[in-house]
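Each remark here refers to the structure printed beneath this line.
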Amino acid sequence: MTSPAPDALLADLRTLVECESPSSDPEALARSADLVARLGTAHLGVEPERLGVHLRWRLGGPTRVLVLAHHDTVWPIGTLRTHPFEISDGVLRGPGSFDMKTGLAMALHVLGSLDDRTGVTLLVNGDEEIGSPSSRKLIEDEARGADAALVLEASADGGALKLERKGTSIYRVLVKGRAAHAGLEPEKGVNASVELAHQVLAVAGLGDPALGTTVTPTVATSGTTGNTVPAEASFAVDVRARTVAEQERVDSAMRALVPVLPDAVLEIEGGINRPPLEGALSAALFARASRIAAENGLPPLTGVAVGGASDGNFAAGVGTPTLDGLGAVGGGAHAADEHVLTDHLQDRATLLRALITDLTTIR
């Protein structure tokens, strides 16, 4: 069978984009999950398993190839009023179009076009943009033992596939001091703001640019009134690392932080959120995809390492070979200029279809 017709794919993509689905809105996510279920049933000929706002289609036999997509977006309800779905001069726009409703539409159309889907599972979750807290176990359980995980997240610049993704860790450092009047007897207080300043500098020093490890203090809060020695303070920390070893090094260092001021107390919340997608787990699949692209007369593939994380990190974290960025070509994820280049849709669908077929063919 041929690859999906772009016009039909674009029609479904419009329907998906115009069903707004911010991760933090349960009612919107439920409507979106209903829509994805209807579209998927129409294309795949079978209803999904409904797992809250997540959907799973096991299309026959044990999972050999896991296809991952998500239907939630970062955009609040009402964004369509200022950023409507539109296509002009080969550029498609609309909230969530690039990240990642185009990839979701591709998955439904490509899988629906396959003659044999034995061993393929499609998992579509509804909480990826907030770290996949309720779908992580589903992803890991489905990926464990599979031959490959194919992630329909959008591509990197120029259509590059994502061969490495940094792992993420998220922390909150709580500082407890002691309040006192800032004018009458500041010496009786323990200044949580001063302790916070010491800890921010210590944490910022944990990064290792040579290894690609970034440790970034972000949101900070402290104190209650302008004439009171702050009794409490806190700051958030964003960590990105290319390897598990680096994640664990930073985690150990975070938990080993000690107060500088006498009587100050530290508490560390959070920890490792997503493991990295390391290059070793994508290399063989990228080579395979590159061969398939050449065999099908497609442009040569390129691959890059990126700092952002996806559900592909979870699949790779359980040891499953994982290839990411197979979805839309375009740009502007999470930004006002989010867009998809429609001229690339046919090639991407052809690559995905041929790759799934190759992976599920017994040799």
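The values are calculated or read from the model by the stated rules, or taken from the named source; none is laboratory data. Just so it is clear, the structure is predicted and the values come from calculations on it, not from any experiment. So basically every Cβ, Gly included, is an ideal-geometry build from the backbone, and we count neighbours across all protein chains shown. For accessibility, only protein heavy atoms count, side chains too; no ligands or nucleic acids. Shrake-Rupley method; radii C 1.70, N 1.55, O 1.52, S 1.80 Å.
Stretched out fully, how many nm does the piece from Arg81 to Asp25 gain, at 0.36 nm a residue minus the Cα gap?
Using 0.36 nm per residue and subtracting the Cα-Cα distance, I get 18.4 nm.
How big is the Rg/Rh ratio for region 274-317, C-alpha atoms only, Rh by Kirkwood, two decimals?
Here Rg/Rh amounts to 1.05.
If I ignore ligands, DNA and RNA and count only protein heavy atoms, how much of Thr224 is accessible to a 1.4 Å probe, in Å² to the nearest 10?
120 Å²
Which whole number in µm²/s is D for region 72-128 by Stokes-Einstein, with the Kirkwood Rh taken over Cα pairs at 37 °C and 0.692 mPa s?
Result for D is 246 µm²/s.
State to the nearest 20 debye the size of the charge dipole of region 34-166 about its Cα centre, where the only charges are +1 on K and R beta carbons and -1 on D and E beta carbons.
Here region 34-166 has a charge dipole of around 160 debye.
Let me test this: with uniform point scatterers at the alpha carbons of region 42-112, what is the Debye-based log₁₀ I(q)/I(0) at q = 0.18, 0.19, 0.21, 0.26 1/Å?
Values, matching the q order: -0.85, -0.91, -1.03, -1.27.
If you take the Cα atoms of region 216-363, find Rg, then find the Kirkwood Rh from the mean of 1/r over all pairs, what is Rg/Rh?
Here Rg/Rh amounts to 1.15.
Charges on Cβ only, +1 for Lys and Arg, -1 for Asp and Glu, centred on the Cα centroid of the chain; of Val329, Ala241, Gly319, which one is farthest towards the dipole's positive end?
Gly319
Could you give me D for region 147-271, from Stokes-Einstein at 10 °C and 1.306 mPa s, where the hydrodynamic radius is the Kirkwood radius over C-alpha pairs? Units µm² s⁻¹, please.
Rounded, D is 97 µm²/s.
For the chain, what is one quarter of the convex hull surface built on the Cα atoms, given in nm²?
So the mean shadow area of the Cα hull is 20.1 nm².
Taking the Cβ-Cβ separation of Ala336 and Arg144 as r and a Förster radius of 41 Å, what is the calculated FRET efficiency to the nearest 0.05?
0.60
Working with all protein chains in place, sort Lys188, Lys166, Lys101, Lys137 by solvent-accessible area computed with a 1.4 Å probe, largest first.
Lys137, Lys188, Lys166, Lys101
Answer with one residue from Ala197, Thr342, Asn273: the one whose Cα lies farthest towards the positive end of the charge dipole of the chain, charges on Cβ with Lys, Arg +1 and Asp, Glu -1.
Among Ala197, Thr342, Asn273, the one farthest towards the positive end of the dipole of the chain is Asn273.
Leaving ligands and nucleic acids out of the surface, order Ile139, Ile170, Ile268 by accessible area at 1.4 Å, largest first.
The ranking, largest first, comes out as Ile170, Ile268, Ile139.
Keeping all protein chains in place and using 1.4 angstrom, which order do Ser24, Ser193 fall into by accessible surface area, from largest down?
The residues order as Ser24, Ser193, largest area first.
What do you get for GluC sites (Glu not before Pro) in region 246-320 restricted to DSSP loop and a cutoff of at most 14 other Cβ within 10 Å of the site's Cβ?
In loop regions of region 246-320 (DSSP not H, G, I, E or B), there are no sparsely surrounded GluC sites (Glu not before Pro).
Restricting things to alpha carbons, find the Rg to Rh ratio for region 6-152 using the Kirkwood radius for Rh.
With Rg and the Kirkwood Rh in hand, the quotient comes to 0.96.
Can you check what the net charge comes to around Ser32, using other residues whose Cβ is under 12 Å from the Cβ of Ser32 (Lys, Arg +1; Asp, Glu -1)?
-4
Roughly how many percent of the accessible protein surface of the chain is carbon and sulfur, given a 1.4 Å probe and a whole-percent answer?
Looking at the chain in its full context, I get 55 percent from C and S.
Per residue, how much accessible area does the chain show when a 1.4 Å probe rolls over the protein heavy atoms, in square angstrom?
Averaged over the residues of the chain, the accessible area is 42 Å².
Run the dipole for region 213-348 about the Cα centre, Lys and Arg Cβ at +1, Asp and Glu Cβ at -1, nothing else charged, and hand back the magnitude in debye, nearest 20.
Computed about the Cα centre, the dipole is about 400 debye.
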